[in-house]
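The structure appears below as structure tokens.
The values are calculated or read from the model by the stated rules, or taken from the named source; none is laboratory data. As the structure is a prediction and not an experimental result, all values here were calculated from the model. For neighbour counting, all protein chains shown are included, and Cβ atoms are generated from backbone atoms with ideal geometry for every residue, glycine included. Side chains included, ligands, DNA and RNA excluded: accessible areas come from the protein's heavy atoms. Shrake-Rupley method; radii C 1.70, N 1.55, O 1.52, S 1.80 Å.
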Amino acid sequence: MDLFLSTLFSACLGATPAPAPLPPVPTPQQLAWQQMEFGMFCHFGINTFHNMEWTDGTKDPKTFNPTECNPRQWVEVAKAAGMKYLVVTAKHHDGFALYPTAYSDYSVKASPWRDGRGDVVREVADACHELGVMFGFYLSPWDRHEPKYADPPAYDEHFRNMLRELLGNYGKVGVVWFDGARSEGHVYDWDSYYALIREMQPGALIAICGPDIRWVGNEDGVAPDTLWNVQERDGQQVWWPAECDVPIRHGQWFYHTNGERKLRSLAELLEIFYRSIGHGAVLLLNISPDRRGLLPEADVARLAELNAVISETFRTNLAQSAKVTASNTRGGDAAFASERTIEGRPDAYWAADDDVTEAWLELDFGEARTFDRFAAREHIALGQRVAAHRIEIPDGDGWTAISEGTTIGYNRIHRFPATTARRVRLHITQSRACPTIQALGVYKASPREAAAKE
Ligand code: FUL
């Protein structure tokens with residue numbers, strides 16, 4: 001069959017094969033987590049009652065005494081703000097456990113809170129499961145209270161015992177978050193921790209000191225401009241997506257009285273949003289419960305404001321009413337046509353032929369439109385491909401770039417001064433293999449974004 005006929009044939013049947021995955025690719029759990037985009041971190045514990053970020057494991061457990069502790073409120077606030085998962089500090093560096101562990105006396109059991117019968121982890125997990133927010137826990141490997149810490153094999157066993165309780169008694173666990181702080185030089189039997197997690201909660205992601213989610217490398221909530229999920233680890237290329245963790249109050253993971261002046265402004269949070277989620281990373285924003293055991297009103301209000309402004313900016317996607325065309329369509333097949341990028345379906349995407357690594361997708365609004373945001377998403381289930389791209393508008397007989405970038409990955413949001421044009425295109429100039437694009441978005445930012453900066 002000649003090329004024309006075979007193209008026609010496969011186009012009619014929709015039989016063009018999808019691009020071969022470009023390894024490494026995400027696991028289903030990594031992909032589902034990436035799609036969550038936004039989570040809440042809650043640092044709560046003995047430190048909350050001492051105005052300290054780190055205590056040394058000697059603070060009296062009787063000082064842990066929240067007056068109105070209601071973890072359900074934390075989960076409700078997270079859910080209302082569009083956060084899809086929540087990670088609570090089951091035990092921080094000081095060793096104090098927020099649940100009544102059988103392996104240490106240093107826990108809520110030794111506190112006056114609910115006469116020692118309370119369990120913060122239980123309440124967080126129950127509320128998460130009920131409200132459909134993925135439940136995760138932070139467990140600090142570094143332990144300043146536990147005497148066994150000085151004896152690594154004994155501590156490994158202790159740590160596994162705690163893990164076993166947390167993995168076995170609180171329903172489905174989505175994330176196990178291992179902080180690396182101050183653990184340099186200490187020998188942990190990581191493989192035995194990972195094996196236990198895989199055995200007891202095969203769906204859980206192991207974050208930071210672990211194989212599934214990597215730390216972005218700072219606590220500012222900012223991912224680099226070029227963000228590859230493909231990373232080298234132990235001499236191998238692996239899919240290792242980045243999470244940006246940042247506290248909503250500058251430098252304060254735990255609640256501090258009089259810390260409200262440290263609360264980040266709406267403008268700062270928007271900047272964080274664009275430079276984390278907008279760069280294709282996942283954002284884990286920390287909001288610390290206060291001494292009542294509630295999220296402070298001011299923080300809740302700021303988070304709601306952030307959510308409202310983002311929702312307003314991204315409410316109307318101008319791309320959805322545009323005519324979309326491409327420089328190349330895989331096999332000429334409708335299954336991979338440019339229109340797939342404006343349908344909002346996670347399983348549909350545009351793809352180019354195998355030998356194509358430069359291509360464009362053009363949106364024609366039919367009349368001039370004003371916009372200042374352009375978003376693109378690769379179909380990362382098949383691997384991350386795009387290495388360089390430009391956002392262009394017509395200029396005489398050619399095109400001119402209004403914004404440029406390198407990687408796209410799960411998400412790339414460009415910001416640029418308000419531009420009025422009838423046509424705009426994503427021009428992929430470099431790709432590791434034939435590109436795939438799952439979604440395109442063109443928006444005009446809410447006036448509240450600019451107002452927030454004034
Ligand atoms: C750091 C810790 O030392 C901080 O206290 C906080 O838990 C942050 C998320 O990670 O490494």
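Provide the per residue accessible area, probe 1.4 Å, for the chain, rounded to a whole number of square angstrom.
On the way: 18280 Å² over 454 residues.
Value returned for the chain: 40 Å² of accessible area per residue.
Taking the Cα centre of the chain as origin and charging only Cβ (+1 Lys, Arg; -1 Asp, Glu), how large is the dipole, in debye to the nearest 20?
Values: 46 positive and 60 negative charges, 181 e Å.
Its charge dipole is roughly 860 debye.
Whole-Å semi-axes of the stretch 277-365's equivalent ellipsoid, largest first, each the root of 5 times a Cα gyration tensor eigenvalue?
On the way: eigenvalues 337, 48, 20 Å².
Result for the stretch 277-365: semi-axes of 41, 16, 10 Å.
List the lysines whose Cα lies under 23 Å from the Cα of K453, skipping any in the same chain that are fewer than 8 positions away.
Of all the lysines, those that pass the test against K453 - Cα under 23 Å, at least 8 places apart if same chain - are K262, K444.
Compare the peptides 433-443, 179-189, 23-33 by average per-residue count of other Cβ atoms within 10 angstrom and give them in order, highest first. Let's see the in-between values first.
Numbers: 433-443: 23.9, 179-189: 12.7, 23-33: 16.3.
Descending mean neighbour count gives 433-443, 23-33, 179-189.
When only DSSP loop residues count, what trypsin sites (Lys or Arg not before Pro) in the stretch 296-338 have their Cβ near at most 16 other Cβ atoms within 10 Å? Let's see the in-between values first.
Details: sites: R302, R315, K323, R330; in loops: R315.
In loop regions of the stretch 296-338 (DSSP not H, G, I, E or B), the sparsely surrounded trypsin sites (Lys or Arg not before Pro) are R315.
Can you give the calculated 222 nm mean residue ellipticity of the chain, where each DSSP H run of n ≥ 4 adds -39,500 (n - 2.57) and the sum is split over every residue, rounded to the nearest 500 deg cm²/dmol? Kindly include the intermediate steps, with their values, before the conclusion.
Working: 9 runs with 105 residues, N = 454.
That calculation yields -7000 deg cm²/dmol at 222 nm.
Just the number, please: Stokes-Einstein D of the stretch 329-434 in µm²/s, Kirkwood Rh from C-alpha pairs, 37 °C, 0.692 mPa s.
Values: Rh = 14.3 Å.
In µm²/s, the coefficient rounds to 229.
Any idea what the dipole of the stretch 300-454 comes to, in debye rounded to 20, about its Cα centre with Lys/Arg Cβ at +1 and Asp/Glu Cβ at -1?
Working: 20 positive and 21 negative charges, 106 e Å.
Dipole magnitude for the stretch 300-454 comes out near 500 debye.
Treat each spin label as a single point 7 Å out from the Cα along the C-beta direction, and report the M52 to S327 distance in nm.
6.0
For the stretch 77-235, give the percent of accessible area contributed by carbon and sulfur heavy atoms, probe 1.4 Å, rounded to a whole number.
On the way: 2980 of 6260 Å².
Ligands and nucleic acids excluded, carbon and sulfur give 48 percent.
If each of A32 and E297 carries a label point 7 Å out from its Cα toward its Cβ, how far apart are those two points in nm?
Taking the two extended label points, one gets 3.9 nm.
Which one, Q201, V386, I248, projects farthest toward the positive side of the charge dipole computed for the chain from Cβ point charges (K/R +1, D/E -1)?
Farthest towards the positive pole: I248.
Provide Rg and Dmax in Å for the chain, with only Cα atoms included in the calculation.
So, for the chain, Rg and Dmax equal 24.3, 81 Å respectively.
For the stretch 235-362, what does the relative contact order come out to in percent, with C-alpha contacts under 8 Å and a separation of six or more? If you can, show how the numbers build up before the last one.
Working: 135 pairs, mean separation 24.1, N = 128.
Here the relative contact order equals 19 percent.
Given Cα pairs under 8 Å that are at least 6 residues apart, what percent is the relative contact order of the chain? Write out the running numbers ahead of the final one.
Numbers: 1016 pairs, mean separation 77.3, N = 454.
Contact order relative to length: 17 percent.
Leaving out same-chain residues fewer than 8 places away, which lysines sit with a Cα under 27 Å from that of K148?
Correct list for K148: K59, K62, K91, K109.
Can you give the convex hull volume per residue for the Cα atoms of the stretch 73-146, as a whole number of Å³?
Values: hull volume 6.8 nm³, N = 74.
Per residue, the Cα convex hull of the stretch 73-146 comes to 92 Å³.
In whole Å, how far is the Cα centre of the stretch 229-269 from that of the stretch 402-454?
A separation of 24 Å, based on Cα centres.
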